[in-house]
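> The following block contains the structure, expressed as structure tokens.
The values are calculated or read from the model by the stated rules, or taken from the named source; none is laboratory data. All values derive from a computational prediction rather than experimental measurement. Don't worry about glycine lacking a Cβ; one is built from the backbone with ideal geometry, like all the others, and counts go over all protein chains shown.
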Amino acid sequence: MILEGKKIAILLAPRGTEEPEFVEPKNAVEAAGATVVVVGVEAGEVQVVNNDLNPGSRFSIDKAVEEVSASEFDGLVIPGGSVGADTLRGNDKIVSFVHDFFAQQKPVGVICHGPWILVEADVVRGRTLTSYPTVSTDIRNAGGTWVDQEVVTDKGLVTSRTPDDLPAFCAKIVEEFAEGRHPAQARSA
């Protein structure tokens, strides 16, 4: 198991996280042997969505963000969903938690609208990434380079565009989490 002994955090918004962008990366990381902790604004049960509008399944948040620290984890996954990503980027504790992964040189996987949180955490300057197309201007305005590719890896930062990209995204985050710390990750923190 390539990720045995690794502990990975995955963010889950109080509402609006895209179901496949949460479920598939979580399953991929667990299948590779990692322990996954679901982190949110507060602990409890939340409902995810499909295609931003349709109610999805319900999932439990294991830990509230104020109960954890980036230092406890080996990597982070940030799913998308426009409402979910927008909600998370409005929470200072979530933004700080995300920023700390970069400062600590730890790998981070982000998909769809998730890069909004990276923009808010001020960690995209000088980085190359992808996202859902409507986030591209925000990335450029924050000093990043946006490209339209299935998956982009930039020294420990893995990004993808949409649920269609999940197979490539999941494979790449497992690879990056297995590699561990990336010293260049801290350059944007």
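> Take Trp146 and decide whether it is modelled with pLDDT of 95 or more, under 15 Å from the mean Cα position of the chain (by Cα) and aromatic (Phe, Trp, Tyr).
So Trp146 fails the test.
> Something else: Cβ-Cβ under 6 Å, sequence separation 6+ or interchain: first residue in segment 43-64 and loosely packed, with under 12 Cβ neighbours inside 10 Å, partner among the acidic types (Asp, Glu) and modelled with pLDDT of 95 or more. Which pairs?
Partner pairs satisfying both residue conditions: Arg58/Glu45; Ser60/Glu45.
> Follow-up. With respect to Thr159, is the statement that it is more than 22 Å from Val38 (Cα to Cα) and of a type in the set (Ser, Thr, Tyr) true?
no
> So if I check each of Leu157, Leu166, Leu88, Leu129, which one is at negative phi, touching a residue at least 24 places away in the same chain (Cβ under 8 Å), in contact with a helix residue (DSSP H, G or I) (Cβ under 9 Å, 6 or more places away or on another chain) and surrounded by fewer than 23 Cβ atoms within 10 Å (Cβ to Cβ)?
Leu166
> Return yes or no: is Val174 surrounded by 15 or more Cβ atoms within 10 Å (Cβ to Cβ) and part of a strand (DSSP E or B)?
Answer is no for this residue.
> Output the qualifying pairs, or none if there are none: Cβ atoms under 9 angstrom, residues six or more apart or on different chains, first residue in segment 25-40 and over 15 Å from Leu11 (Cα atoms) and touching a residue at least 12 places away in the same chain (Cβ under 8 Å), second residue of a type outside the set (Val, Ile, Thr) and in a strand (DSSP E or B).
Once the first residue is over 15 Å from Leu11 (Cα atoms) and touching a residue at least 12 places away in the same chain (Cβ under 8 Å) and sits in segment 25-40, its partners that are of a type outside the set (Val, Ile, Thr) and in a strand (DSSP E or B) give Ala34/Lys7; Ala34/Gly75.
> Looking at segment 154-164, can you tell me whether even one residue there is in a loop (DSSP other than H, G, I, E, B) and of a type in the set (Ser, Thr, Tyr)?
So far as segment 154-164 goes, yes, one or more of its residues are in a loop (DSSP other than H, G, I, E, B) and of a type in the set (Ser, Thr, Tyr).
One line per residue, one yes/no per condition, for (1) hydrophobic (A, V, I, L, M, F, W, C); (2) closer than 20 Å to Ile117 by Cβ:
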| site | (1), (2) |
| --- | --- |
| Ile2 | yes, no |
| Val48 | yes, yes |
| Arg58 | no, no |
| Val68 | yes, yes |
| Ser71 | no, yes |
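> While we're here: Of Lys155, Lys106, which residue is at pLDDT below 95 and closer than 23 Å to Ala178 by Cβ?
Lys155
> For Glu21, work out the one condition from (1) outside any helix (DSSP H, G or I); (2) of a type outside the set (A, V, I, L, M); (3) within 16 Å of Val158 (Cβ to Cβ) it doesn't fulfil.
The single condition Glu21 does not satisfy is (1).
> Let me confirm something: among Gln149, Gln104, which residue is under 23 Å from Gly40 (Cα atoms) and out of contact with any Gly (no Cβ under 9 Å at 6 or more places or on another chain)?
None of the others qualify; the one that does is Gln104.
> Tell me which helices (runs of 4 or more DSSP H) are completely within segment 34-138 and hold 2 or more residues being touching a Lys or Arg at 6+ places or on another chain (Cβ under 8 Å) and under 21 Å from Gln185 (Cα atoms), or say none if there are none.
115-120
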